[in-house]
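**Q** Dropping the structure in here first, questions after.
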Amino acid sequence: MSNGFSFGSIKGNSNMRYVPLVCFMGIMIAFQFVTEYYLSFTFADTYRVSLTFLIRAITGYCIGWLGGIVSAIADLLGGFLLYGGSMNPGITLTRFLQGFIVGLILYRKSGKTRIVIAAAIDNLVLNMILGTFFLFSYTGKPYTVVTLTPRVVVSAVSFVVEVILLMSLLPKLLPVVRKLMDRELTPVSKPVVTPESTPEETQYQS
């Protein structure tokens, strides 16, 4: 199975094909924005703790690598709406990679091994290493034991918490997610008139 998009379509109307996908991405962008900037707290002035990874994992499960676009847009919105347009391109790139890789790993899969790998790459590799590099380069913070220790500790704790939460929540969300992914929208039935038919004999088809 490819890690692409198969989120449902409207049969017979190619112009409306991606409406369910776009709507879903918009909803997940809003969820990521809220959890990242309003339902979070900053630890030691260098690390923001939130439930964004859960939203990112659900997004990746539903639409695969397109979750990277969702994460990047949510980060850009935060810069524009809350910081007067001030953005860190490195952090935006990190957010994109987080959504992209998590989507590749979890797309329509929720096995324990995949969850552990996704959480490890998201937290211990991208957030702790790449995110720290871009954040410290942007703010000019020095790389010292005092500044790095809090990020390492919080990353390790967050990794464990996220694995536990995902293993508990994803299986319960599967029925709802499958409904969303497999739903198909069809156009309104149109009358089909044959040359020999009268108005009363008009047949309808879906």
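**Q** Please report the spacing between the Cα centers of region 138-162 and region 97-127 in Å, no decimals.
**A** So the separation of the two Cα centres works out to 20 Å.
**Q** I've got another one for you. Highest first, please rank the peptides 138-149, 64-75 by the mean number of other Cβ atoms sitting within 10 Å of their residues.
**A** 64-75, 138-149
**Q** Karplus couplings for region 159-169 from phi (6.51 cos²θ - 1.76 cosθ + 1.60, θ = phi - 60°), rounded to Hz, Gly and Pro as x?
**A** Values per residue, Gly and Pro as x: 4, 5, 4, 5, 4, 4, 5, 5, 5, 7, 8 Hz.
**Q** Along the Cα→Cβ direction, 7 angstrom out, place labels at Tyr83 and Val22. What is the inter-label distance in nm?
**A** 2.9
**Q** Something else about it: Pop out the ³J(HN,Hα) list for region 146-153 in order, Karplus 6.51 cos²θ - 1.76 cosθ + 1.60 with θ = phi - 60°, rounded to Hz; leave Gly and Pro as x.
**A** Karplus-based 3J(HN,Hα) across region 146-153 equals 5, 7, 8, 4, x, 5, 5, 5 Hz.
**Q** How would region 41-100 be classified by its alpha-carbon gyration tensor: rounded, prolate or oblate, with rounded meaning a/c under 1.5 and the a/b versus b/c comparison settling the rest?
**A** oblate
**Q** Can you run phi through the Karplus equation (6.51, -1.76, 1.60; θ = phi - 60°) for region 72-81 and list ³J(HN,Hα) in whole Hz, with x for Gly and Pro?
**A** 5, 5, 4, 5, 5, 4, x, x, 6, 7
**Q** What's the FRET efficiency of Val160 with Tyr38 using the Cβ-Cβ distance as r and R₀ = 22 Å, to the nearest 0.05?
**A** 0.35
Taken together, the values in this text are just the output of simple stated rules run on the coordinates, not laboratory data. Just so we're clear, the structure is a prediction, and the values are computed from it rather than from any experiment. Positions of Cβ are backbone-derived with ideal geometry, glycine not excepted, and every protein chain shown enters the neighbour counts.
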